[in-house]
Amino acid sequence: MIAPRAFRVFVLAGLMLLILWSRAQGQGYANLGSDAAGFAVPDRGRQLQFPADHGPHPGFRVEWWYLTANLRTASGEDLGVQWTLFRSALVPEGPAGPGSPGGPGGPEGWKNPHIWMGQAAVTTATSHSYAERLGRGGIGQAGVVTDPFSAWIDDWSLTSADDTLDNLSVTARGTEFSYDLSLQQQGPLILHGENGYSVKSEDGQASFYYSQPAYRVTGTVVLPDGPVEVTGEAWLDREWSSQPLAADQSGWDWFSLRFDSGEKVMGFVLRGERGDFTSGSWITADGATTPLSPAEFIATPVSWSRVAGRDIPTLWQVEIPTRGVSVEVAALNPGAWMGTSFSYWEGPVALSGSHRGTGYLEMTGYGDARSSNPSERK
């Protein structure tokens, strides 16, 4: 009989082998551009349904529950927090919608084909700490349910007292940090793209994508020097698909920007061999949302930092001429590298220029084989 700890090591080793295999076989960042045969694909005419769509969609290959928060301590120091739960299916299974046979996230036990991955981080101006958890579906180690809402992996959790995302509690811990935060929504859910149908390439790849971008946050973050009380604002993204990238798209630059005026912007640049594909959403202070066309959202790298053997653009100029926006987006900590199973850069940013504010920036697909800085490529 295998001892519990040895069994857990065995399971995690198997998961890591599967992840490494997918990296070798896949197309695009994290295998997200490979063929989706057998999996469900987003339907442009489908209307999102809540609370069901807060839960998992086992017919689709990949989805995530992604929280970022811009926080401040009582002494005025800025910091950022991330909490993410990913679900990835190894093989097609079940119907496309939530509530498929076998319960949320597929059948119980080892017949369950889903891998779960949790990632958490705390970023200050001088430090960046992250942690990762891997889990197997069907054995209770990780999952998401909707009544009441609860997303978890091991002892990390994102929970509500009911079936909405209005008021959440979030906890996570790593070797150098932990946090326990309370979130209260200050506005409506936001549907990106065409009523939640978000196109990602000229070829028509797409995802279902919505956000809750207006949380007020209170709570405690524990750093190596001890606990600190924090307040601030948070943004939750929900997205699911089976092939959200085209085969030639190598990664993305994703911005969630919150202006002091109360207006907000979600914008992304998907980098590909045939050029960039951009999209976004303009969100008014009261939550009214307008899609941004590719020509409206312009994000240009200004300066680069050498991070984990890669050149990463950590200072950007973001422009939305139709909205009078021209802002400099600067990383709080240029070294905010997530050295996780699928590595990427993720961290809080400060805004200056036509609008002031805060936000988060995520950048994927910056390899270390050669310089990522176009000005330094030969």
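The values are calculated or read from the model by the stated rules, or taken from the named source; none is laboratory data. The shown structure was predicted, so the numbers you read here are calculated from the model rather than taken from an experiment. Positions of Cβ are generated from backbone atoms using ideal geometry, with glycine treated the same way; all protein chains shown enter the neighbour counts.
Overview of results
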| read-out | value |
| --- | --- |
| Qualifying residue in region 273-296 (condition: modelled with pLDDT of 95 or more and basic (Lys, Arg)) | no |
| Of residues in region 132-155 being small (Gly, Ala, Ser) and out of contact with any His (no Cβ under 6 Å at 6 or more places or on another chain), the one surrounded by the most Cβ atoms within 10 Å (Cβ to Cβ) | 151 |
| Residue in region 182-203 that is among the hydrophobic types (A, V, I, L, M, F, W, C), surrounded by 17 or more Cβ atoms within 10 Å (Cβ to Cβ), over 26 Å from residue 259 (Cβ atoms) and touching a strand residue (DSSP E or B) at 6+ places or on another chain (Cβ under 6 Å) present | no |
| Filter result for the condition that a residue is surrounded by fewer than 20 Cβ atoms within 10 Å (Cβ to Cβ), touching a Ser or Thr at 6+ places or on another chain (Cβ under 7 Å) and at positive phi, over 309, 324, 275 | 324 |
| Residues satisfying the stated conditions in region 253-284, i.e. touching a Gly at 6+ places or on another chain (Cβ under 7 Å) and within 17 Å of residue 366 (Cβ to Cβ) | 255, 268, 271 |
| Pair list, Cβ under 7 Å, 6 or more apart: region 146-161 residue over 10 Å from residue 84 (Cα atoms), other residue outside any strand (DSSP E or B) and among the charged types (D, E, K, R) | 146/163; 147/163; 148/162; 148/163; 149/163 |
| Subset of region 157-172 [in a strand (DSSP E or B) and within 18 Å of the chain's Cα centre (by Cα)] | 157, 158, 159, 168, 169, 170, 171, 172 |
| Residue in region 225-242 that is under 27 Å from residue 326 (Cα atoms) and modelled with pLDDT under 95 present | no |
| Test: residue in region 352-369 that is under 20 Å from residue 260 (Cβ atoms), in a strand (DSSP E or B), at pLDDT 95 or above and aromatic (Phe, Trp, Tyr) | yes |
| Lone unmet requirement of (1) modelled with pLDDT of 80 or more; (2) farther than 19 Å from residue 196 by Cα for residue 27 | (1) |
| Residue in region 57-66 that is at pLDDT below 95, under 28 Å from residue 338 (Cβ atoms), basic (Lys, Arg) and part of a loop (DSSP other than H, G, I, E, B) present | yes |
